[in-house]
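The values are calculated or read from the model by the stated rules, or taken from the named source; none is laboratory data. Remember, predicted model here, so these are calculated numbers, not experimental data. Note that we place each Cβ from the backbone using ideal geometry, even for glycine, and neighbour counts take in every protein chain shown. Side chains are part of the model used for accessible areas, which takes the heavy atoms of the whole protein and leaves out ligands, DNA and RNA. Shrake-Rupley method; radii C 1.70, N 1.55, O 1.52, S 1.80 Å.
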Amino acid sequence: MKKEIANFDYYNPTHIVFGKNRFSDLADLIAADKKVLILYGGGSVEKFDTLSKVREALNGRTIGEFGGIEANPTFETLIEAVDLVKREGYDFLLAVGGGSVIDGTKFVAAAARFLGDPLDIFGNGVGASKPVKEALPFGTVLTLPATGSEMNSGAVVTIKSKKAKVSFGSPVTFPVFSILDPELTYTLPERQLANGVIDSFVHIMEQYLTYPVGAMVQDRYAEGLLQTLIEIGPSVVDEKNHDYNLRANFMWTATNALNGTLNKGVPGDWASHSLGHEITALYGIDHARTLAIVLPALLTIRKKEKFDKLVQYAERVWHLTEGSNEAKVDQAISNTGQFFESLGAPIYFSAYDLGEEVVDALVSQLEKHQLTAISERGDQTLEVSRAIYTEALKSK
Ligand code: NZQ
Ligand code: ZN
């Protein structure tokens, strides 16, 4: 049966403020009468002077600060910020950091206006998944290109007490604006740069590598972004390479990878993310590095279901035009894994000293979080997920 592009709405209200030295724009981006809470992470923005530039731009305003949001932000920490917002009456939030700080700020913005138990913002067996209808306005200053959180309305939060990493999203949790200054990436270490390239790559794959529906714009857009990452990835991870255009292209690719453009009218997978989040929740491995473990294994196990798109990926992204379709697909999957490894991210559990004991533990987490029928057709059962985790145990 011929597949069609599904109906869609395209709504993205985030004002992108891109380029060098845009901090002074903050004074215009945030109304003068707002009481602003600046939220940040473990101290990188203090160390590298980003925070002092923000403070300077907001000189004369009533501002407060909340630091200490962890990588993989926890509900337990964020709820303290929610209390602070309510107690001191802030009416604008400013996230200064990477995806964790931005996601954390989205949760604070929503929870500060949420009636009832803030855990109910989440689903997946953690809360009642009640819709977020209202949130405080917030802006962001992005310091790490990776998640796309600076231009989307989703957030991922770890509930420490439940060993769960869960997400929520709402049309009211788009940032009002995001400052994207590529020069802020110059202080990133190689590991975070690699994480950014891989996370962006997998975001594109989650929305592209499903089954064809004839969406030419979405497909070509995805293929262009993937090829950009393959081209610049090896230079991006060189932490000493401060070429402005290199970092500018990296930053804009990461934003476009998950700003709601690629997924319009096409199926989405997101199983690599579901399986990856469980790995982070149990073993603390960086988000992107969990994806490097899962995606090559998932493409191997799901080859049959994804075959048509895998052939397209092989031909258009990796320029594999010789041999049988089967051979092209195998080579494209292998190239994908090698690309991650070339950036310094292992693709097997064994590199983290994890063995077959992880499979049962991770599958039971998926079950607990109701992730029993995932992927673009809802046909990725726990048994299929088990096969994917098992495939990822193997080392060469
Ligand atoms: O905490 P600080 O001290 O600021 O240090 C951070 C952190 O240790 C550091 N860092 C950030 N900018 C820096 C810097 N160090 C030097 N120079 C800079 N300019 O980098 C470390 C990692 O930061 P983090 O924000 O955790 O990384 P990332 O942006 O990769 O975010 C990961 C989180 O986002 C979620 C992930 O699950 C994870 O919790 N995701 C959010 C998504 C979304 N909202 O759409 C989608 C993604 O798939 C992802 O799930
Ligand atoms: Zn991701």
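Taking the Cα centre of the stretch 265-396 as the origin and placing charges on Cβ (Lys, Arg +1; Asp, Glu -1), which of Ala288, Ile388, His319 is farthest toward the positive end of the dipole?
His319
Once amide H atoms are placed 1.01 Å from N in the peptide plane, what residues at a sequence separation of 5 or more from Thr143, or on another chain, have their amide H within under 5 Å of its amide H?
Long-range HN contacts for Thr143: Gly97, Gly98.
Expressed as cubic angstrom per residue, what is the convex hull volume of the alpha carbon set of the chain?
135 Å³
Whenever you get a sec, line up Lys34, Lys394 from highest to lowest accessible area (probe 1.4 Å, protein heavy atoms).
Listed by decreasing accessible area, they come as Lys394, Lys34.
Under the rule of at least 5 residues apart or a separate chain, name every residue whose amide H is placed under 5 Å from the amide H of Ile38.
Amide H neighbours of Ile38, under 5 Å, 5+ apart: Gly64, Glu65, Phe66, Leu94.
Over all distinct alpha-carbon pairs, what is the Kirkwood Rh of the stretch 277-317 in angstrom?
Working: mean 1/r = 0.0869 Å⁻¹.
It works out to 11.5 Å.
What share of Cα pairs, in percent, lie more than 20 angstrom apart in the stretch 190-391?
The share of Cα pairs beyond 20 Å in the stretch 190-391 comes to 55 percent.
Sorting Met205, Met151 by accessible area (1.4 Å probe), largest first, what list results?
Solvent-accessible surface, decreasing: Met151, Met205.
How big is the charge dipole of the stretch 15-184 about its Cα centre, in debye rounded to the nearest 20, if each Lys and Arg gets +1 on its Cβ and each Asp and Glu gets -1 on its Cβ? Each step should come with its number before you reach the end.
Numbers: 18 positive and 20 negative charges, 68 e Å.
Once rounded to the nearest 20, the dipole reads 320 debye.
Could you name the lysines in cross-link range of Lys47, using Cα to Cα under 19 Å and dropping any fewer than eight places away on the same chain?
Correct list for Lys47: Lys240.
Using every pair of alpha-carbon atoms in the stretch 280-396, split the distances into 10 Å bins beginning at 0 and state the percent of pairs per bin, rounded to integers.
P(r) over the stretch 280-396, rounded to whole percents: 13, 42, 34, 10, 1.
Where Lys and Arg each count +1 and Asp and Glu each count -1, what net charge lies around Val17 among other residues with Cβ under 14 Å from its Cβ?
Values: positive: Lys20, Arg22, Lys53; negative: Asp25, Asp28, Glu150, Asp181, Glu183.
Net local charge, Val17 excluded: -2.
What ³J(HN,Hα) values, in whole Hz, does the Karplus curve 6.51 cos²θ - 1.76 cosθ + 1.60 give for the stretch 308-321 when θ = phi - 60°, with x put for Gly and Pro?
So the Karplus estimates, Gly and Pro as x, are 4, 6, 5, 5, 4, 4, 4, 6, 8, 8, 9, 6, 8, 10 Hz.
What number comes out for accessible area per residue over the chain if the probe is 1.4 Å? Units Å², please.
41 Å²
Could you tell me which of the pairs Lys53/Lys163; Lys162/Lys394; Lys86/Lys130 are separated by over 27 angstrom between their Cα atoms in the structure shown?
In this structure, Lys53/Lys163; Lys162/Lys394 exceed 27 Å between Cα atoms.
Per-residue ellipticity at 222 nm for the chain, helices alone: DSSP H runs ≥ 4 residues times -39500 (n - 2.57), over residue total, nearest 500 deg cm²/dmol?
Only helices count here, giving -14000 deg cm²/dmol.
Pairing the Cα long axis of helix 190-208 with the longest principal axis of the chain, what angle in degrees results, from 0 to 90 and rounded to the nearest 10?
60 degrees
Taking all protein chains in place and a 1.4 Å probe, what share, in percent, of the accessible surface of the stretch 190-391 do carbon and sulfur account for? Each step should come with its number before you reach the end.
Working: 3680 of 7550 Å².
Carbon with sulfur: 49 percent of the solvent-accessible area.
Please state, as a whole number in µm²/s, the translational diffusion coefficient that the Stokes-Einstein equation yields for the stretch 15-184 at 25 °C and 0.890 mPa s, with Rh defined as the Kirkwood radius across alpha carbon pairs.
Working: Rh = 15.7 Å.
Taking Rh from Cα pairs, D becomes 156 µm²/s.
Rank these by accessible area, largest first, 1.4 Å probe: Leu26, Leu119.
These residues rank, largest area first, as Leu119, Leu26.
Quick one: what are the phi-derived ³J(HN,Hα) couplings along the stretch 62-75, Karplus 6.51/-1.76/1.60 with θ = phi - 60°, whole Hz, x for glycine and proline?
7, 10, x, 9, 9, x, x, 6, 7, 4, 6, x, 9, 3
Need one value: the accessible area of Trp252 in square angstrom, 1.4 angstrom probe, rounded to the nearest 10.
Answer for Trp252: close to 100 Å² accessible.
Residue-wise, which Karplus ³J(HN,Hα) couplings in Hz belong to the stretch 379-385, taking 6.51 cos²θ - 1.76 cosθ + 1.60, θ = phi - 60°, and x for glycine or proline?
Ordered by residue, 3J(HN,Hα) equals 9, 8, 7, 4, 5, 5, 4 Hz.
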